[in-house]
Structure formats: C-alpha cells, structure tokens
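Beneath this line is the structure, given in structure tokens, with notes to follow.
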Amino acid sequence: MSTLARYGDLQRVGEGTYGIVYKAIDKQTGKAFALKKIALDRDCEGVPSTCIREISLLKGLNHTNIVRLYDVIHVEEDMKLFLVFEFIDQDLKGLMDRLPSKALPPDYVKSFCFQLLQALAYCHTHRVMHRDLKPQNILVDNSGTVKLADFGLARGFSMPSRVYTHEIVTLWYRAPEVLMGTRFYSTAIDIWSLACIFAEMATGHALFEGDSEIDQLFKIFKVLGTPTSKWTGGIERLGEIIGDKLDDDGLNLLYIMMLYIPDNRVTAKAAISHRYLRNTLMNLPPLATLFDY
C-alpha cells in the first residue's frame, strides 16, 4: 500500500456517490490517477459499509470495460480514505453535452452499447449488480473505450433474489419494478438502465425525464403502454420516438432490453450476440473527430 505523499498536484474533477474525485499525479512515474476521497465519520467505528462494499467488489472485478482500482490509502489522522483508480478525463454525459447534436454517431452508439453489455455481462456473471447506471458513471477515454465506474451502490447478489433497498438508480434510469416499490430484483434493473442510456446515446436526450417516481412511471407508460397481464406492445411508440436514430435491429435490441417483466428482459450475455451488434467497430476514430459530426 502506498501513501498519499506519493501523489501530487491534486485537482478536483468531480464527485462520486460517496466521495469527491481528484486528478493526481504519481510523483514516481508521472502518471495520472483518479483519487476518490471518502471522509470517515469520527462518531462511527471503522470504514462505512458502503465503502467496504465498493472496495471488495472492485477488487474482485478485472475487465477492460470496468474502471480499475489500484490502491486504497487510509489517512488516519485526517479520518480520510482514498481509493486510487485509473484516470480517465471524461464521462459519457460530459462527452454528449459537448456534441452539437448531443447524440453520438451510429458506429459509436453501437460500439459503446457493445462494450457496456460486455462489462455488465462480466459483472452479472460474477454476481454483481451495479444499481446506478447513468451517463455520469460511464467513463470514456480518447480511444473510444468505455468503462463502468462508481460502484458505490453496487451489490453482490445471490440466488434466489434477496430483499434489497429500492433507493437505487438515478430516477431517469430506474426500472419500473423498482419505481413501483419491489424489494426483490436482480440484474434486469441494470439492463433497463443501460437501455435508457442506449436510447439517449442515439437520440441525444433522455428517454424518460420524470421529476418524481410517479411521474417517471407515467412517462414510461406513455411510451411503452400501461402494463397488463397480456401486455406485448410498446415497440411502435418506441420506434416513433427513436425515429431513424436506430435501425430495425437496434430498435429490436432496445425493445427487448425494456420489457416490463424483468425475467423476460434480455440478459447482458444474450444481448451481446444480438444481430444489431454483429458488425461492431472496436477501433473507432479518436473522440476528437466527433466534434466534426
């Protein structure tokens, strides 16, 4: 374990679920890292359970499309904990906000979706739910590699489903079963969230912009229809909203990622083999070329 003295030139770059994130330079190598600072409560004993969970989960995950945790530094006198991550200077939300159309070109939409499904398939295979997927928690490097980040709300899961809190996932990306208060859920909630991000990458705007849980449900029902025991619709209205931003295969993948019944929702592992992703480009032009799009 290294010490905080190893890192210099700290610059605040953002805020995660449970801490402030800084860019820092390793004085020995000159390499940039992201340091997530977590303040420890003096009135409580030890490290918060949420922080322990994030550290333990990330230590067990090693994938190209998941942000890498290199080290953990405990500064006892200041009651601070620093998580040392690889540094990537932008997230998906910031990238799209900088684009004139707010939307990504089709090849980037397809590649980013494929990479995120790869990351989710890996997480789910290792019995980890992210539970807070949103563009702000997806990092993008200059080569077009995307990485899942901020596992502060992530949980390991077991089979059968356990009882979990429903206070998860930013409202616009929250699955309907969670909005309706279920405490029994599993990996399908991540698939719903990714579907919302998939649509947002293609169109440049969030698919469901609710301002409360009930408003979020109403907006979902307006597009996909009110769920019933025989419900099978929704794709026509979804197609109207997406327009020509996705081809028929892309629309089909989006649709099966947004089925109301969680057990019917496509899994990340199955989605990777979907026909929409057959000719995915992995060697994308540098991100700078997007600003000519």
Cβ-based net charge around residue 20, under 12 Å, with every Lys or Arg adding one and every Asp or Glu removing one: +4
- prompt: In terms of the Cα gyration tensor, with a ≥ b ≥ c the square roots of its eigenvalues, is region 91-132 rounded because a/c is under 1.5, prolate because a/b exceeds b/c, or oblate?
  reply: oblate
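Okay, helix-only estimate at 222 nm for the chain: each DSSP H run of n ≥ 4 adds -39500 (n - 2.57), divide by all residues, round to 500 deg cm²/dmol; what do you get? Write down the numbers at each step before the final one.
Details: 9 runs with 92 residues, N = 293.
About -9500 deg cm²/dmol.
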task: With r as the distance between the Cβ atoms of residue 56 and residue 270 and R0 = 30 Å, compute the FRET efficiency 1/(1 + (r/R0)^6) and round to 0.05.
output: 0.60
field: Dipole axis of region 237-293 (+1 Lys, Arg; -1 Asp, Glu on Cβ), positive-most option in 270, 246, 280
entry: 270
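Extension gain residue 279-residue 89, at 0.36 nm per residue separation less the Cα-Cα distance, in nm?
Working: separation 190, 0.36 × 190 = 68.40 nm, distance 2.82 nm.
Between residue 279 and residue 89, full extension yields an extra 65.6 nm.
Compute, for the chain, the length of the dipole vector about the Cα centre, with Cβ point charges of +1 (Lys, Arg) and -1 (Asp, Glu) only. Units Debye, rounded to 20. Could the numbers behind the result be given before it?
Working: 33 positive and 35 negative charges, 124 e Å.
Computed charge dipole of the chain: roughly 600 debye.
Going by a ≥ b ≥ c, the root eigenvalues of the Cα gyration tensor, does region 17-143 fall in the rounded group (a/c under 1.5), the prolate group (a/b larger than b/c) or the oblate group?
On the way: a/c = 2.03, a/b = 1.57, b/c = 1.29.
The shape class here is prolate.
Please get the size of the charge dipole for region 4-86, origin at its Cα centre, with Cβ charges of +1 on Lys and Arg and -1 on Asp and Glu, quoted in debye to the nearest 20. If you can, show how the numbers build up before the last one.
Values: 12 positive and 12 negative charges, 76 e Å.
Computed charge dipole of region 4-86: roughly 360 debye.
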- prompt: Is region 168-213 best put as rounded, prolate or oblate by its Cα gyration tensor, with a ≥ b ≥ c the root eigenvalues, rounded for a/c under 1.5, and otherwise prolate when a/b is larger than b/c, oblate when not?
  reply: oblate
message: Quick check on the exposure proxy: order 67, 146 from fewest to most C-beta atoms within 10 angstrom.
response: 67, 146
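Based on the Cβ-Cβ distance of residue 10 and residue 288, what FRET efficiency does E = 1/(1 + (r/R0)^6) give at R0 = 25 Å, to the nearest 0.05? Walk me through the intermediate numbers first.
Working: r = 27 Å, r/R0 = 1.07.
About 0.40, to the nearest 0.05.
Sort 111, 193, 273 so the one with the fewest other Cβ atoms within 10 Å of its own Cβ comes first.
Values: 111 21, 193 27, 273 10.
Sorted ascending by nearby Cβ count, the order is 273, 111, 193.
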- request: Name the lysines eligible as straight-distance cross-link partners of residue 31: C-alpha to C-alpha under 29 Å, and not fewer than 8 places from it in the same chain.
  value: 23, 59, 80, 93, 134, 147
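How do 133, 207 rank when sorted from fewest to most other Cβ atoms within 10 Å of their own Cβ?
Numbers: 133 28, 207 23.
With the fewest neighbours first, 133, 207 line up as 207, 133.
May I ask you to compute the full-extension gain from residue 64 to residue 237, defined as 0.36 nm times their residue separation minus their alpha-carbon distance, rounded to one decimal in nm? Don't skip to the end; give the middle numbers.
Working: separation 173, 0.36 × 173 = 62.28 nm, distance 3.55 nm.
That works out to 58.7 nm of additional length.
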query: Helix hunt in the chain: which complete DSSP H runs extend at least 18 Å axially by C-alpha with mean Kyte-Doolittle at least -1.0?
result: 106-125, 188-203
- request: Would you mind telling me the antiparallel percentage of the DSSP bridges in the chain, rounded to 5?
  value: 95
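Share of Cα-Cα pairs in region 4-86 beyond 19 Å, in percent? Display every interim value, and only then the final one.
On the way: 1263 of 3403 pairs.
Here the tail beyond 19 Å accounts for 37 percent of pairs.
A short reminder: the numbers here are calculations on the coordinates, not readings from a lab. This structure is a prediction, so every number in the text was calculated from the model and none was measured. So basically every Cβ, Gly included, is an ideal-geometry build from the backbone, and we count neighbours across all protein chains shown.
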